[in-house]
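Q: Here it is, the structure, as structure tokens.
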Amino acid sequence: MALYQTTPTYFEFAGNAVRRFLYSFITWALAAHSTVINFYLLSFKRPRTYRQKKQIMQHEFSLEYARSLDSNDALRKYREQFYAPYFQNRRAIYFLGNSLGLQPKNAQQEVMAIMEGWANFGVEGFFLGDDPWINYHKKITPLLCDIIGAKNEEIVTMNHLTVNLHLLMVSFYQPTPTRYKIICEAKAFPSDQYAFQSQVKLHGFNPADAIIEVYPKEGTDLITTEDIEAVIDLHKDSVALVLFSGVNYYTGQAFDIKAITEAAHKAGAYAGFDLAHAAGNIKLQLHDWQVDFACWCNYKYLNSGPGAIAGCFIHERNASNTELPRLQGWWGNDIANRFKMSDTFTATPTAESWAMSTSPMMLLAAHKASLDMFAAAGFDILLHKAKALSDYLFFALNHINQPAAKFRIITPANPDERGCQVSLSVHKNAKAVFDTLLPFGIFADWREPNVIRIAPVPLYNSFEEIYIFAEVLQQILNAA
Ligand SMILES: Cc1ncc(COP(=O)(O)O)c(C=O)c1O
């Protein structure tokens, strides 16, 4: 969604006369240069083995060095297992895994299998064939356990993220006249803010009083765990729910989910998380951290397609409580009774009893194709490469950002406090700088007023792409 809203296509870029006029000087100055750079940098010469003796502790800013990192990358074969946009006949550098992950090539096959089942069996596809759809979710949930850090019984795949946020708040935001506040991060993703506001109003409270936002300290970009704990403590007698993101969409900051959960529980509140930017991006141990509930989308780091089916976690101590209020639908009814068409709803003691509607099989199939790839690659290995990519990206950005700083990295420098995404707050002509990336075949993401977000991901991005990006950015910044 964000990609198409925020990233202009080349044709929009080229066709916008006003912008073209404003940015023509930069584009003109770089045009000759860029052709040379693109040919050179994107030529994909055979990587030379480069200082293999040298450990990858001290980075170098060179194409050869970046390629040497790629040639030692155990996951490099996965890059070719994705479709990628092409730009001027070359594979684009796609740093938008935090927006819409690329399409795994196995997804079409998986979706086609459902189409064939539909063609061959009609509605009986739910029960007939080699792979009856009624059991399909059972192949998905185990693939998510490792990624989410959850047990099978704690996961349900359904609906979309904002819808699930509302459904889970029905269960976990049950305010009383004295305990009714929601504590969240300042500038949470707008859809979450709208969800909080509408839920609070639905229960007859005033959002201005009931929603407590935790801000970064004056002059800083990040919210510390201590600040969050302090605000929770301040409202300990009136807070009903603490709801944070796992990774903030704007800064890329990963919050300490365990510490926030503990602080919420100490105050007598539920702890829930929006993991849109965390699922598939950072290590999660939701069960062990005692998180009450969480929800996430699967179209970002989990590469399951635009508008992909989303996921929910409900801790087993809550999922097993069949008395917990929830909105009911027939797909959440115990399978033993589901097709008896009786008026009795029997909740199973698992997260699946939060499901409401018939499984969207094509969406599930695309999701499964992606999760199969995660399982084949190994999630811990992926996280390891993600850290290496982001480490090199930090190095490259710091390298080009001197002697005079042209941007500030607002994402935490500490690798434990971030995932793949790095956000740059650009000091001068930020939008022009961003708009000049696409003509170089670099897909990045823009957030008002001056932030460029980039997210190199381990399955399909390379160290070489990071080098090229930094090299191009340096030239654009120098010309801007
Ligand atoms: C943090 C966060 N929350 C919520 C949403 C909304 O998700 P959906 O449109 O799938 O409901 C997004 C979308 O990008 C997001 O980034």
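The values are calculated or read from the model by the stated rules, or taken from the named source; none is laboratory data. Worth saying up front: this structure is predicted, and the values here are computed from it rather than measured. Counting neighbours? That spans all protein chains shown, and the Cβs are built from the backbone with ideal geometry, glycine included.
Q: For Ala208, indicate whether it is within 24 Å of the chain's Cα centre (by Cα), more than 13 Å from the ligand (Cβ to nearest atom) and either over 26 Å from Lys266 (Cβ atoms) or not assigned by TED's automatic domain parsing to the domain that holds Asn98 (or both).
A: no
Q: Quick one: is Asp146 farther than 29 Å from Ser359 by Cβ and away from the ligand (no atom under 16 Å from the Cβ)?
A: no
Every residue, every condition in (1) part of a loop (DSSP other than H, G, I, E, B); (2) more than 21 Å from Val291 (Cα to Cα); (3) within 16 Å of the ligand (Cβ to nearest atom); (4) touching a strand residue (DSSP E or B) at 6+ places or on another chain (Cβ under 6 Å), yes or no:
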| position | (1), (2), (3), (4) |
| --- | --- |
| Met169 | no, no, yes, no |
| Ile182 | no, no, yes, yes |
| Asp192 | no, no, yes, yes |
| Phe196 | no, no, yes, yes |
| Lys201 | no, yes, no, no |
| Gly204 | yes, yes, no, no |
| Ile212 | no, no, no, yes |
| Ile223 | yes, no, yes, yes |
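Q: Let me ask something else about it. Any idea which of (1) free of Cβ contacts under 8 Å to residues at least 40 places away in the same chain; (2) closer than 30 Å to Val422 by Cα; (3) assigned to a loop (DSSP other than H, G, I, E, B) is the one Asn321 doesn't satisfy?
A: (2)
Q: Where residues in region 306-316 are assigned to a loop (DSSP other than H, G, I, E, B) and within 12 Å of the ligand (Cβ to nearest atom), which of them is surrounded by the fewest Cβ atoms within 10 Å (Cβ to Cβ)?
A: Pro306
Q: Answer yes if at least one residue in region 150-158 is crowded, with 20+ Cβ neighbours inside 10 Å, closer than 30 Å to Thr224 by Cβ and either modelled with pLDDT of 95 or more or in contact with a strand residue (DSSP E or B) (Cβ under 8 Å, 6 or more places away or on another chain) (or both), and no otherwise.
A: yes
Q: Restricting attention to region 317-336, which residues are farther than 28 Å from Gln290 by Cα and either in contact with a Lys or Arg (Cβ under 7 Å, 6 or more places away or on another chain) or surrounded by 14 or more Cβ atoms within 10 Å (Cβ to Cβ) (or both)?
A: Trp330
Q: Please work out if Leu393 is under 22 Å from Gln253 (Cα atoms) and crowded, with 20+ Cβ neighbours inside 10 Å.
A: Criteria met by Leu393.
Q: Of (1) among the small types (Gly, Ala, Ser); (2) within 16 Å of the ligand (Cβ to nearest atom); (3) more than 17 Å from the chain's Cα centre (by Cα), Gly129 satisfies all except one. Which?
A: Just one mismatch for Gly129, condition (2).
Q: Tell me which residues, restricted to region 170-190, are under 26 Å from Leu222 (Cβ atoms) and either surrounded by 15 or more Cβ atoms within 10 Å (Cβ to Cβ) or at pLDDT below 95 (or both).
A: Within region 170-190, Lys181, Ile182, Ile183, Cys184, Glu185, Lys187, Ala188, Phe189 meet the criteria.
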